[in-house]
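Shown next, in structure tokens, is the structure this report addresses.
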Amino acid sequence: MPHHAQDCDALVIGGGPAGLMAAEAIAGAGHRVILAEAMPTVGRKFLMAGKSGLNLTKDEPLDRHLDAFAFGGGAGMPPMVAAALRDFGPQAVMDWAKGLGQPVFTGSSGRVFPVAMKASPLLRAWIARLQADGVEIRTRWRWQGWREGAALFSTPGGKVAIRAGATVLALGGASWARLGSDGAWVRHLAGKVAPFRPANMGLRVDWSPHMAAHLGQPVKAAVLQPGDRRVTGEFVISARGLEGGGIYAVSAAVRDGAPLTLDLVPHLTVDALRAALARPRGKATVAAHLRKVLRLDPVRLALLQEFGRPLPDDLAPLLKALPVRHAGPRPIDEAISTAGGLRFDALDDRLMLRGRPGLFAAGEMLDWEAPTGGYLLTACLATGRHAGRGAATWLAQRREN
């Protein structure tokens, strides 16, 4: 049995961006909130994401922002997520950061960053504001499910039961377990969860020895072709395979079965390539000829040798569509995010679980996925706020009754 029990207006389980935003929305409506986080501190994945510069959102019209999301292999955005983003989209995220004393700027790609670049100043200001609003943050509290309507936790001080008027689950997906997102919560919501799959992940490649000299090298201005699509981006040849923004942009399609090819010379047509390659080669090797007439860099030449051998006599079609031989996605715990999670048919428009009055869910634990570039964080903030506002309304209605 729990060592002791507590009551509160609202309980938020999970201290990532979605959970913190839910707590902010509920506390802002005048309710007492306890936020429980399993890790020693809140926002650990948020801080890790900000190590190379915290990409908060993408500065673009809302319709374009919504169109950029890929849900269920392109099946369309869940209406609840779209509604949350319409209420709290890119401009609202920028205003929110400024309200925490963190001015932002927009880079040449449209990505938005705090002027400080790091996540830690923003997180410190956010926690301070939450605590000033009365939010009680309890760390090292690991959720163990429910008993008799109360949420059970294992804590450093023993077992605790929390009975709340409303609860928001914001437990994350199943990537980066060391930072708290381990997906262990699924056992408490059996029958309501779509299987987790990696998203925004690298691809596994078992390189030939000749690729050792190119590990860590970027492939810039690359055109990747998952099926019939063409995506321009940059990626890196790593010891484990292919990583980076260009790969992440096509990872969902490749994960779901699309073949991947590379256009190594996107500025030339097949006919133009054939004309260039028809120039006299003399005693030069094929690689030297390609360097001379096409200005192919060493990394592209290495990829051609890796994926194109044996090289055909007519190289032009191969240069325009080089098949990438890979062994599938990197493991889910190495993925930036995940697809799958709590299904939307288990939720109503407020993000409240059907058949579980007063229980809401938000963030990456929901069955949606987003590209990198600020989209993932924006949607976590938006759905956290949406669920938090739903919980606050639920509490107000209960008081009235």
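FYI, it's all coordinate maths here, none of it is from the lab. This structure is a prediction, so every number in the text was calculated from the model and none was measured. Cβ coordinates were reconstructed from backbone atoms using ideal geometry, including for glycine residues, and neighbour counts include every protein chain displayed.
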State the answer as a single residue: which of ALA213, LEU322, ALA18 lies farthest towards the positive end of the charge dipole of the chain, with beta carbon charges of +1 for Lys and Arg and -1 for Asp and Glu, about the Cα centre.
-> ALA213
Most mobile listed residue (ASP182, ASP367, ASP297) in the chain, GNM with C-alpha springs under 10 Å = ASP297
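Report the rotationally averaged projected area of the stretch 169-228 based on its alpha-carbon convex hull, in square nanometres. It would help to have the intermediate numbers written out before the result.
Numbers: hull surface 31.3 nm².
Over all viewing directions, the stretch 169-228 projects a mean Cα-hull area of 7.8 nm².
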Lysine pairs in the chain 8 or more apart or on different chains: how many have alpha carbons under 20 angstrom apart?
-> 11
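Starting with the highest mean, order 193-199, 269-275, 238-244 by the number of other Cβ atoms within 10 Å, averaged over the residues of each peptide. Don't jump to the answer; show the numbers that get you there.
Numbers: 193-199: 19.9, 269-275: 13.9, 238-244: 18.1.
Packing proxy ranking, top to bottom: 193-199, 238-244, 269-275.
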Give the long-range amide H neighbours of LYS159: residues separated by 5 or more places, or on another chain, with amide H under 5 Å away, using H modelled in the peptide plane at 1.01 Å from N.
-> HIS3
Hey, what's the Cα Rg ratio for the stretch 277-401 versus the globular rule of thumb, 2.2 N^0.38 Å?
-> 1.94
Can you list residues whose amide H is under 5 Å from TRP146's amide H, if they're 5+ apart or on another chain and H is modeled 1.01 Å from N?
-> LEU152
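When N is the residue count of the stretch 203-323, what does its C-alpha Rg come to as a fraction of 2.2 N^0.38 Å?
Working: Rg = 14.3 Å, N = 121, 2.2 N^0.38 = 13.6 Å.
My calculation over the Cα atoms of the stretch 203-323 gives 1.05.
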Cut-off under 5 Å, modelled amide H: who pairs with VAL219 long-range | PHE235, VAL236, ILE237
Whole-Hz ³J(HN,Hα) from phi, Karplus 6.51 cos²θ - 1.76 cosθ + 1.60, for the stretch 42-53, glycine and proline x | 8, x, 5, 5, 4, 5, 5, 5, x, 5, 9, x
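Under 8 Å for C-alpha pairs, at least 6 residues apart: give me the relative contact order for the chain, rounded to a whole percent. Walk me through the numbers on the way to the answer.
Values: 838 pairs, mean separation 101.6, N = 401.
Relative contact order, the chain: 25 percent.
Sum up the charges of everything whose Cβ sits under 12 Å from the Cβ of ALA346, counting Lys and Arg as +1 and Asp and Glu as -1, but leave ALA346 out. If you can, show how the numbers build up before the last one.
On the way: positive: LYS192, ARG343, ARG354, ARG356; negative: ASP345, ASP348, ASP367.
The answer is +1.
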Inter-label distance for ARG281 and MET117, nm, one decimal - labels placed 7 Å from Cα along Cα-to-Cβ = 4.6
Using 0.36 nm per residue, how much length does the chain from LEU66 to THR232 gain when fully extended, once their Cα-Cα distance is taken away?
-> 57.8 nm
Per the Debye formula with a single identical scatterer at each Cα and no solvent contribution, what log10 I(q)/I(0) holds for the stretch 336-401 at q = 0.12, 0.14 Å⁻¹?
-> -0.33, -0.44
Of (1) 21.4; (2) 26.7; (3) 22.9, which one was derived for Kirkwood radius over Cα pairs in Å from the structure shown?
-> (3)
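On full extension of the chain, what length is gained from ARG325 through SER52, given 0.36 nm per residue of separation minus the C-alpha to C-alpha distance? Could you put the intermediate results ahead of the total?
On the way: separation 273, 0.36 × 273 = 98.28 nm, distance 2.97 nm.
Length gained, ARG325 through SER52: 95.3 nm.
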Hey, rough spin-label estimate for ASP313 and THR106, points 7 angstrom out along Cα→Cβ, what's it come to in nanometres?
-> 5.4
For the stretch 166-174, take each phi angle, set θ = phi - 60°, evaluate the Karplus expression 6.51 cos²θ - 1.76 cosθ + 1.60, and give the result in whole Hz per residue in order, putting x for glycine and proline.
-> 8, 10, 10, 8, 9, 9, x, x, 10
In whole Hz, the Karplus estimates of ³J(HN,Hα) for the stretch 203-217 (6.51, -1.76, 1.60; θ = phi - 60°; x where Gly or Pro) are 10, 7, 9, 8, 5, 6, x, 5, 7, 4, 5, 10, 4, x, 8
So VAL270 and GLN305, fully extended at 0.36 nm per residue minus their Cα-Cα distance, gain in nm 10.7 nm
